[in-house]
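Everything below concerns the one structure shown next.
Every number here is computed from the coordinates shown, using simple stated rules; none is lab data. Quick caveat: nothing in here was measured; it's all calculated off a predicted structure. Glycine also receives a Cβ, built like all others from the backbone with ideal geometry; neighbour counts cover every protein chain displayed.
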Amino acid sequence: MDCIFCRIASGSIPADIVYQDKEIIAFRDIEPQAPVHLIIIPRRHIPSLLHLSEADLPLIGHMVAITGELAKGEGVSESGYRLVISCGKGGGQVVPHLHMHLLGGRRLADELG
């Protein structure tokens with residue numbers, strides 16, 4: 001598969017991995033938009049939020065739940081952080097593999113647009 005996130009998950013492309021288990025991987029973004037910018041992906045290829053089924057609810061819950069642990073490890077749990085999931089090109093999704101961005105370490109804009 002030509003998906004860059006699938007290649008990171010398989011280990012064929014190196015990444016600065018900060019967390020991994022049998023279902024998900026979290027790594028540092030190579031073009032960070034904040035001092036802390038992590039990407040959390042499922043190991044399994046899911047193109048976007050639109051491709052989730054009810055069977056995927058535990059996976060998504062696990063991805064969200066692990067962000068608290070990641071934020072603590074990165075030192076941003078107390079000051080605050082943003083969790084972003086983009087869906088589709090119009091929503092700003094650049095890589096067609098479901099992923100979350102954890103952003104923190106500075107004051108983020110109040111506006112999202």
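Considering only residues that are in contact (Cβ under 8 Å) with a residue 40 or more places away in the chain and either among the polar types (S, T, N, Q) or buried (at least 18 other Cβ atoms within 10 Å of the Cβ) (or both), which ones fall in the range 38-62? Break it down stepwise before answering.
Going residue by residue through the range 38-62, those that are in contact (Cβ under 8 Å) with a residue 40 or more places away in the chain are 38-42, 45-49, 51-52.
Selection gives 38, 39, 40, 41, 42, 46, 48.
If you go through the range 16-29 one residue at a time, how many are outside any strand (DSSP E or B) and surrounded by 11 or more Cβ atoms within 10 Å (Cβ to Cβ)?
Adding up the residues that qualify gives 2.
Find the residue count for the range 30-64, including only residues that are over 25 Å from residue 79 (Cβ atoms) and either in a loop (DSSP other than H, G, I, E, B) or among the charged types (D, E, K, R) (or both).
Looking only at that region, the number is 10.
Yes or no: residue 13 loosely packed, with under 14 Cβ neighbours inside 10 Å, of a type in the set (Val, Ile, Thr) and in a loop (DSSP other than H, G, I, E, B)? Can you show your working first?
On the way: loosely packed, with under 14 Cβ neighbours inside 10 Å: yes; of a type in the set (Val, Ile, Thr): yes; in a loop (DSSP other than H, G, I, E, B): yes.
Judged against the criteria, residue 13 is a match.
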